[in-house]
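Report on one structure; see the data block that follows.
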Amino acid sequence: MSTTRAAGLVIYRKSNEYIQFLLLQTSYGQHHWTPPKGHVDPGESDWVTALRETKEEAGLTENDLEIHQDITKTLNYAVNGKPKAVVYWLAKLKNPEQKITLSDEHQDLKWLQLKEAQEISGFEDMSKLLEEFHVKALKLA
Ligand SMILES: Nc1ncnc2c1ncn2[C@@H]1O[C@H](COP(=O)(O)OP(=O)(O)OP(=O)(O)OP(=O)(O)OC[C@H]2O[C@@H](n3cnc4c(N)ncnc43)[C@H](O)[C@@H]2O)[C@@H](O)[C@H]1O
């Protein structure tokens with residue numbers, strides 16, 4: 001069975017010395033919370049997908065972000081019985097005050113510190129990813 005690929009960015013900002021992660025709530029399905037990401041189009045690289053989806057879903061361009069290309073992790077899980085692989089890169093929002101512009105695919109957004117981000121994202125592997133990225137972000141911020 002072929003694997004569905006998706007790619008996105010785990011975006012953080014520094015606010016009052018704390019690291020906060022950006023999570024978006026889907027306007028469909030179970031209204032789950034996720035970093036900006038989406039399906040890789042045919043012929044598209046994971047990297048280009050991550051940038052395109054971040055622009056579409058959060059209104060942020062590559063210029064707004066410091067993307068840590070060497071800090072990346074792939075989550076593998078099944079959606080409706082079909083394997084899915086989602087590659088994420090860690091990215092810092094340069095201007096912590098910058099406004100996030102949602103698309104129709106999402107109905108809400110939150111900037112959350114590690115614990116709350118882990119709780120709201122609701123999956124063990126995402127929780128681990130956030131923990132690992134948090135350690136890196138603390139060193140970089
Ligand atoms: N139920 C629905 N009703 C109507 N339209 C829908 C729909 N689902 C998708 N769409 C359409 O698909 C488009 C999304 O396309 P894209 O924006 O291109 O793709 P995506 O973010 O990868 O989509 P999705 O939200 O489905 O992915 P996720 O893996 O987080 O989530 C997929 C599933 O995996 C679960 N999941 C997420 N992370 C997981 C993890 N780490 N482990 C296990 N399960 C996880 C989620 O809870 C969710 O159930 C939307 O425009 C929408 O129109």
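The values are calculated or read from the model by the stated rules, or taken from the named source; none is laboratory data. Please read all numbers here as calculations on a predicted model, not as lab measurements. Ideal geometry is used to build each Cβ from the backbone, glycine not excepted, and the neighbour counts take in all protein chains shown. What goes into the accessible areas is simple: the full protein's heavy atoms, side chains included, and nothing from ligands, DNA or RNA. Shrake-Rupley method; radii C 1.70, N 1.55, O 1.52, S 1.80 Å.
Tabulated data for the structure shown
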item	result
Index of the failed condition, GLN30 passing every other in (1) over 13 Å from the mean Cα position of the chain (by Cα); (2) more than 10 Å from the ligand (Cβ to nearest atom); (3) open to solvent by 30 Å² or more (accessible area, probe 1.4 Å)	(2)
Candidates LYS92, LYS84, filtered to the one that is open to solvent by less than 50 Å² (accessible area, probe 1.4 Å) and within 11 Å of the ligand (Cβ to nearest atom)	LYS84
Selection status of GLY43, closer than 19 Å to SER121 by Cα, part of a loop (DSSP other than H, G, I, E, B), within 16 Å of the ligand (Cβ to nearest atom) and modelled with pLDDT of 95 or more	no
Lone qualifier among LYS99, LYS115, LYS136 - being part of a loop (DSSP other than H, G, I, E, B), more than 16 Å from the ligand (Cβ to nearest atom) and open to solvent by 60 Å² or more (accessible area, probe 1.4 Å)	LYS99
